[in-house]
1. With the structure loaded, tell me whether A24 is touching a Gly at 6+ places or on another chain (Cβ under 8 Å), more than 18 Å from Q3 (Cα to Cα), at pLDDT 95 or above and assigned to a strand (DSSP E or B) or whether it fails that test.
2. Only one of R45, R105, R71 is under 20 Å from T118 (Cβ atoms) and of a type outside the set (G, A, S). Can you tell me which?
3. Looking at the stretch 87-112, I want the residues that are over 18 Å from K75 (Cβ atoms) and have a partner that is among the basic types (K, R) and open to solvent by 10 Å² or more (accessible area, probe 1.4 Å) with Cβ atoms under 6 Å, at least 6 apart or on another chain. Which pairs are those?
4. Which residue pairs have Cβ atoms closer than 6 Å, lie 6 or more positions apart in sequence or on different chains, and pair a first residue in the stretch 9-21 that is modelled with pLDDT of 95 or more with a second residue that is of a type in the set (S, T, N, Q) and open to solvent by less than 30 Å² (accessible area, probe 1.4 Å)?
Amino acid sequence: QVQLVESGGGLVQPGGSLRLSCAASGTIFSTNTMGWYRQAPGKQRGLVAHITSGGSTNYADSVKGRFTISRDNAKNMVYLQMNDLKPEDTAVYYCSGIFQTLPSRPLVAYWGQGTQVTVSS
């Protein structure tokens, strides 16, 4: 099994910045794509950004130019630097990753418990 733990959420004023971190632990043979998703009240969970094991990135249009995803493969960590935050960025942010726990096992997606980000004055 793989556990994902997010940190770094909180309350920030519009225009401010936050950096989210996600640590993966457990039985990890290999790590594939990792990413961040978010879910606002009354809305479906949606992709914020993801990054492949090779470092290729993809962002939701609403965060392009403001958010940056990065990863540390040696530490099994993924980060989300969020700048110029807006009230509409308020949501629970979830870390996700695709892992292989053993060479004989298939790739499986795992999720963290989420961290709240609130953007308000």
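The values are calculated or read from the model by the stated rules, or taken from the named source; none is laboratory data. Quantities reported herein were computed from a predicted structural model and do not represent experimental measurements. Note that we place each Cβ from the backbone using ideal geometry, even for glycine, and neighbour counts take in every protein chain shown. When the accessible area is computed, the model is the full protein with side chains, heavy atoms only, and any ligands, DNA or RNA have been set aside. Shrake-Rupley method; radii C 1.70, N 1.55, O 1.52, S 1.80 Å.
1. On the way: touching a Gly at 6+ places or on another chain (Cβ under 8 Å): yes; more than 18 Å from Q3 (Cα to Cα): no; at pLDDT 95 or above: yes; assigned to a strand (DSSP E or B): yes.
Judged against the criteria, A24 is not a match.
2. The unique qualifying residue is R45.
3. Note: pairs meeting the criteria are A91/R38; Y93/R38.
4. Going by the 6 Å Cβ cut-off, the qualifying pairs are G9/T115.
Yes or no, residue by residue, for (1) at pLDDT 95 or above; (2) within 20 Å of R19 (Cβ to Cβ); (3) among the basic types (K, R); (4) within 12 Å of the chain's Cα centre (by Cα):
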position: M77; (1), (2), (3), (4): yes, yes, no, yes
position: D84; (1), (2), (3), (4): yes, yes, no, no
position: Y94; (1), (2), (3), (4): yes, yes, no, yes
position: G97; (1), (2), (3), (4): yes, yes, no, yes
position: R105; (1), (2), (3), (4): no, no, yes, no
position: Y110; (1), (2), (3), (4): yes, no, no, yes
